[in-house]
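Each reported figure results from applying straightforward, stated rules to the coordinates on display, with no laboratory input. In this text, all values refer to a predicted model and were calculated from it rather than measured experimentally. Counting neighbours? That spans all protein chains shown, and the Cβs are built from the backbone with ideal geometry, glycine included.
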Amino acid sequence: MKVLFAVTHLMGAGHLVRSLALARAVNAAGGQALVLSGGRPLAHLDTAGVELLQLPPLRADGLNYRRLLDEGGEPVDEPWLARRRAAALGALHAFAPDILVTETWPFGRGSLGAEFAALVAAQRARGGRVFASIRDIPEPPSTERKRLRAETALAGFDGVLVHGDARLGPFTRYWPLSGTAAGLLHHTGYVAEPLPEPIPTEEVLVAVGGGVIGRPLLQIAARAAALSSRPWRLLAGGADAAAFGATLPGPALAEPARADYRARLAGAACSVSLAGYNTVADLLQCATPAVLVPMAEGGEREQALRGQALAGSGFAVLQIGALTPERLAAAVEDAIAAGPRHDGGIVLDGAAASARILLGPQTG
C-alpha cells in the first residue's frame, strides 16, 4: 500500500522530522512511503530509509507565514505557486498513492491552502483515501471563520492523526470540532523515533531547532553560561546559524544545529530548549533534566500550551519574557539537582500506531 506524505516546513524542521518518522514506520509495516517535501532542504536531518521528493522550496518571511519566500529569499507570486502546485500534482499522479496524508493542513498552512486542496481533490478523484497529520497541540484557531474553514475541508478526509496522548489534553481542547469532525480524530501517541546511543557530555545543551526562532533564548543562555561552572553548548538554527553563533559571547560553545543532537541530548547534564513538538518527544524518551522555555514570538500559543500540559511531568517551564541569565542558570542547577525525570507512561509509539491506522490489517 502506497502512502504519500505532503509536508512543507516553513520555519523550523519539526514538521519534516515528524513526516520522515511516519514514513519510516509505514515502510517498516510493509507499506511504501514517499515524502513530498516543500520546505528548504536541511543538511542536518537524517533522511535514510525514506524516499523524499523535493518540491521548489519555500520558507516563511520570519514569523510571517502569509509572506512566502523562495530559496533565494525572494517573495513568490501566484504564477510561481501555480507551477509548484502543478509539480505537486504531477508527483501525486506519478506515485499513485492509496493514501494521501496532508501534514498540518487544514488546521494550518493556510498560505498553501490551494496546493493542499488541489492534492486532496486529485486524490479523491482517483478514489484514494485522505488523512491529515497534526501535532499534539495545534495553534488554536484565531477566528471562528478559520475554525469553520478547516472543518469544511475535513469533509473530504477519512481521518485525522493527532500525534499526542489524549491524557495530556484532547485535541478538541485546543481546536473545537463538531461531533462529525471530532469523530475523525485518532490520538496516536507521540511520534518519537528511538534515541541513538547517548553521547555522555555533562554539558548543558541549549537548542532551538532548525529555524531562526528562539534566538533570544540563545542570547540569554550565552550569558547564563558565564555564571555556571559547567560547559554549555548552544545550537543555532537557520541558514546563517554559524554567523549568528559567532555573535554570542563565551565561554559557551556556539555552533549550527548538529546531526548528533539527539545523542547529545540523551547524554547531557541538562537540556534547555523551546517547547517544540520534536524536542519534547525526544525528551520524553530520556531522563535528561530539562528546562523548557516556550516560544512566544508572533503571539503563538502552541508551545506555551504544551509547556503547561507537561509541567507536571518533571519539566521546569520558564517564560521568555521574564527570563534573565541568572534565572536560567539557577533553573538549570535546580533541574539537575532534582534528578532524572520520568515520563509517567505517556504514549510514545505514535509512528507505529499511525502506520497501523493508515495501513489497516496488513500491519498485523
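The residues Arg145, Arg306, when put in order of fewest to most other Cβ atoms within 10 Å, stand as Arg145, Arg306.
Panel order for His93, His15, by other beta carbons found within 10 Å of each beta carbon, from fewest to most: His93, His15. Each residue of the stretch 255-270 is assigned a 3J(HN,Hα), and the resulting list reads 7, x, 3, 10, 5, 9, 4, 5, 5, 5, 4, 5, x, 7, 5, 7 Hz, derived from the Karplus form 6.51 cos²θ - 1.76 cosθ + 1.60 (θ = phi - 60°), x at Gly and Pro. Using a Gaussian network model of the chain with C-alpha springs under 10 Å, which one of Pro256, Pro196, Pro140 is most mobile by mean-square fluctuation? Judging by the Gaussian network model, the answer is Pro196. With K and R counted +1 and D and E -1, the other residues having a Cβ less than 13 Å from that of Ala243 yield a net charge of -1. When the label point is put 7 Å from the Cα of Arg83 along its Cα-to-beta-carbon vector, which residues of the stretch 40-66 have a backbone N closer than 11 Å? Only 56 pass the distance filter. Counted over the chain, the DSSP beta bridges are approximately 10% antiparallel. Dimensions of the stretch 238-283 along the principal axes, based on C-alpha atoms and rounded to the nearest Å, stand at 30, 23, 18, largest first.
Summing charges over neighbours of Leu36, with a neighbour being any other residue whose Cβ is under 13 Å away from its Cβ, gives 0 when K and R count +1 and D and E count -1. Once the gyration tensor of the Cα atoms in the stretch 204-338 is diagonalised, the equivalent ellipsoid follows with semi-axes of 19, 17, 15 Å, ordered largest first. Diagonalising the gyration tensor over the Cα atoms of the stretch 269-353 and scaling each eigenvalue by 5 before taking the square root yields semi-axes of 21, 18, 9 Å, largest first. Distance from the C-alpha centroid of the stretch 182-250 to that of the stretch 1-52: 22 Å, rounded to the whole angstrom. Overall, the stretch 204-338 carries a charge dipole of about 120 debye about its Cα centre when +1 sits on the Cβ of Lys and Arg and -1 on the Cβ of Asp and Glu, all other atoms neutral. With K and R counted +1 and D and E -1, the other residues having a Cβ less than 13 Å from that of Ile320 yield a net charge of 0.
Look at where the Cα atoms of the stretch 58-78 and of the stretch 106-155 average out, and the two centres are 20 Å apart.
Think of the chain as having a plus end and a minus end, set by charges on the Cβ of Lys, Arg, Asp and Glu; of Ala122, Gln32, Tyr190, Ala122 sits farthest toward the positive end of this dipole.
In this Cβ point-charge picture (+1 for Lys and Arg, -1 for Asp and Glu), the chain has a dipole of about 700 debye about its Cα centre. When Ile99, Ile320 are sorted by how many other C-beta atoms sit within 10 angstrom of their C-beta, beginning with the fewest, the order is Ile320, Ile99.
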